[in-house]
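Read through the structure below, which is laid out as structure tokens, and then see the notes.
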Amino acid sequence: MYEKILVLDFGGQYNQLIARRVRDHKVYAEILPYTTDIEEIKKNNYTGIIFTGGPNSVFDMASPHYTKEILSLGIPILGICYGCQLISWMADGVVETAEQSEYGKIELSIKKADSLIFKDIPEKSVVWMSHTDRIKQVPQGFEITASTDACPIAAMENAEKKIYAVQFHPEVTHSEFGSQMLKNFLYEVCKCKGDWEMDSFIDDTVKALREKIGDKKVILGLSGGVDSSVAAGLLSRAVGKQLTCVFVDQGLMRKNEGDFVEKTFTSLFDMNFIRVNCKDIFLEKLKGVTDPEEKRKIIGTEFYKVFWDEIKKQSDKGFFAQGTIYPDCIESGKGDADKIKTHHNKVKMPDDIEFLDVVEPLASLFKDEVRAVGEKLGIPKELVWRQPFPGPGLGVRIIGEITAEKIEILQNADWVLRDEMSKNGYEKNLAQFFCVLPGVSTVGVMGDHRTYDHLVAIRAVTTDDFMTADWAKIPYEILGKVSNRITNEVKHVNRVVYDITSKPPGTVEWE
Ligand code: XMP
């Protein structure tokens, strides 16, 4: 068994991020709520413990606290923000409420150059602060190791007892050397060996899934997106044919995508794969509809109707699996797992279907970790590195009424764009690129003939978070090549334009 770090959750918004940063350093981390009994902690042989931040004040007895005994277990401890104040409070130091909160990027001055936690870190660096309470006086046996202008005790330690505390957040990227500090805690203080990698996550998850599912059935809705594909890969490895994946193909996917998903999962993985082709039903429902919201509503409602109808046909339902990943779960704090709010990516279950339980094997992972698992499972790169694709598919990229002919034109134009981008090495550089069919016809000339055909728009953006985005500065030569190819190769398109709108004021999708 590999070494484990406990992230003791006091309700901070970054608790998952702390665990993730620890995993980045090849040490496994698990999160437990502050309500976990100390006996449970003693049993688990942790190599180190990290107290997370939290929104509360240690003076308030209703706030999360923990028994002092934890400080004398001999296990190295790192307290972050609230966790730092809590250590001081538990060890009889003095915590005070500052007149002014300290928030944002702040310059940290290291006072103890040979502190293990600050190994290989310059005397001055930027850290991320977000606090009102602060330590006024360190507990007996502790010394001050760093400060900022507004916070004289920004870090403290009791090296003998291996207890370290920092007022700032080393886990966020705004803290310049935060990753190094966590690494120092793991390798210099806890003396970790770094024996964990994604393979261990896969082995553990497969084992846990087998234990939970037993000999029962499990059903997963497969969209062809990264998350549900990786969840399918894991479940298939765990329970093989006990897994049934339902893939609803509404005919609004990119060219050949439905066939690609089917081929991938039926040839690479052991599972039951059900593809429901329902393009005609969708087209019928969407006939004459032009309003974007109305279209989205119809596509969403029909999708789930088809999906649940298919699932109702299964005689033995067992468990229901979802590819929910950590950013889909918003913690409401205090580490109580049952208080996780539901995000729109979570499926709402109809009242007349009963499952034994919901299984979410990726719920603790971030997107890039999910991709790493996907690659390890042997899922093709095209799926693992797939760009985001909206639930309503090409439905939000065809402006106005959706028809079979328009879907085909858009699929063909989009295929040319993807092909050119891939040939020019642009696939990995851009967050998202695709074609849009604005439903506009313009006059053109082909040979000696007048044409009156479709206009295609190209949309390509760079972004980190999709909340804001910039239009991508694709070289003219590549745009020219794409335009040439689309007008030559795609029937009924005689003009191509490039969308040079950022978000805001535009959105990434056109509808
Ligand atoms: P917008 O158009 O809002 O898009 O700037 C931001 C990101 O979200 C994707 N998107 C969707 N994803 N269901 C989804 O799962 C949807 O209805 C949807 N609409 C937009 C979009 O592709 C972009 O990545």
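The values are calculated or read from the model by the stated rules, or taken from the named source; none is laboratory data. Bear in mind that the values here come from a model prediction, so they are computed numbers and not experimental data. Don't worry about glycine lacking a Cβ; one is built from the backbone with ideal geometry, like all the others, and counts go over all protein chains shown. Please note that ligands, DNA and RNA were not included when accessible areas were found on the heavy atoms of the full protein model with its side chains. Shrake-Rupley method; radii C 1.70, N 1.55, O 1.52, S 1.80 Å.
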For segment 433-452, the count of residues that are at negative phi and in a loop (DSSP other than H, G, I, E, B) equals 3
What about Ser441, is it farther than 14 Å from Gln387 by Cα, more than 35 Å from the chain's Cα centre (by Cα), modelled with pLDDT of 95 or more and among the small types (Gly, Ala, Ser)?
yes
Qualifying residue in segment 462-477 (condition: in a loop (DSSP other than H, G, I, E, B), more than 11 Å from the ligand (Cβ to nearest atom) and in contact (Cβ under 8 Å) with a residue 60 or more places away in the chain):
no
Checking Asp215, Asp199 in turn, the sole residue that is open to solvent by 30 Å² or more (accessible area, probe 1.4 Å), of a type in the set (Asp, Glu) and at pLDDT 95 or above turns out to be Asp215
Check off (1) within 30 Å of Ala321 (Cβ to Cβ); (2) in contact with a helix residue (DSSP H, G or I) (Cβ under 8 Å, 6 or more places away or on another chain); (3) in a helix (DSSP H, G or I); (4) not aliphatic (A, V, I, L, M) for Lys212 and give me the number that stays unchecked.
(2)
Which members of segment 384-414 meet the condition of being within 16 Å of the ligand (Cβ to nearest atom) and farther than 17 Å from Ile458 by Cα?
Trp385, Arg386, Gly391, Pro392, Ile402
Expected single match for open to solvent by 20 Å² or more (accessible area, probe 1.4 Å) and not assigned by TED's automatic domain parsing to the domain that holds Leu86 among Arg134, Arg210 is Arg210
Among residues of segment 237-258 being open to solvent by 40 Å² or more (accessible area, probe 1.4 Å) and not in a helix (DSSP H, G or I), the residue farthest from Gly214 (Cα to Cα) is Lys255
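Yes or no, residue by residue, for (1) farther than 19 Å from Asp227 by Cα; (2) at pLDDT 95 or above; (3) among the aromatic types (Phe, Trp, Tyr):
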| residue | (1), (2), (3) |
| --- | --- |
| Gly240 | no, yes, no |
| Leu243 | no, yes, no |
| Val246 | no, yes, no |
| Gly251 | yes, yes, no |
| Ile274 | no, yes, no |
| Asn277 | yes, yes, no |
| Phe282 | yes, yes, yes |
| Arg296 | yes, no, no |
Across segment 29-46, what is the total count of residues that are touching a strand residue (DSSP E or B) at 6+ places or on another chain (Cβ under 9 Å) and open to solvent by less than 30 Å² (accessible area, probe 1.4 Å)?
4
Only one of Val172, Val126 is within 30 Å of the chain's Cα centre (by Cα), under 20 Å from Asn56 (Cα atoms) and surrounded by fewer than 19 Cβ atoms within 10 Å (Cβ to Cβ). Can you tell me which?
Val172
Hey, could you check segment 440-474 for residues that are out of contact with any strand residue (DSSP E or B) (no Cβ under 7 Å at 6 or more places or on another chain) and within 21 Å of Glu509 (Cα to Cα) and say which is least open to solvent (accessible area, probe 1.4 Å)?
Phe466
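Residues are listed down the side, and each one gets a yes or a no for (1) under 29 Å from Ala19 (Cβ atoms); (2) open to solvent by 40 Å² or more (accessible area, probe 1.4 Å); (3) modelled with pLDDT of 95 or more:
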{"residue": "Pro361", "(1), (2), (3)": "yes, no, yes"}
{"residue": "Val373", "(1), (2), (3)": "yes, no, yes"}
{"residue": "Ile379", "(1), (2), (3)": "yes, no, no"}
{"residue": "Trp385", "(1), (2), (3)": "yes, yes, no"}
{"residue": "Pro388", "(1), (2), (3)": "yes, yes, no"}
{"residue": "Glu401", "(1), (2), (3)": "no, yes, yes"}
{"residue": "Glu405", "(1), (2), (3)": "no, yes, yes"}
{"residue": "Glu408", "(1), (2), (3)": "no, yes, yes"}
Taking Tyr14, is it in contact (Cβ under 8 Å) with a residue 24 or more places away in the chain and open to solvent by less than 40 Å² (accessible area, probe 1.4 Å)?
no
How many residues does segment 47-82 contain that are closer than 23 Å to Ala98 by Cα and either open to solvent by 30 Å² or more (accessible area, probe 1.4 Å) or part of a strand (DSSP E or B) (or both)?
12
Answer from Leu455, Leu417, Leu430 - the residue that is under 30 Å from the mean Cα position of the chain (by Cα) and either in a helix (DSSP H, G or I) or more than 16 Å from the ligand (Cβ to nearest atom) (or both):
Leu417
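With the requirement that a residue be of a type in the set (A, V, I, L, M, F, W, C) and over 20 Å from Glu188 (Cβ atoms), what does segment 1-60 give you?
Within segment 1-60, Met1, Leu8, Phe10, Leu17, Ile31, Leu32, Ile38, Ile41, Val58, Phe59 qualify.
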Which of the residues spanning segment 259-280 are within 15 Å of Ala232 (Cβ to Cβ), part of a helix (DSSP H, G or I) and not hydrophobic (A, V, I, L, M, F, W, C)?
Glu262, Lys263, Thr264, Thr266, Ser267
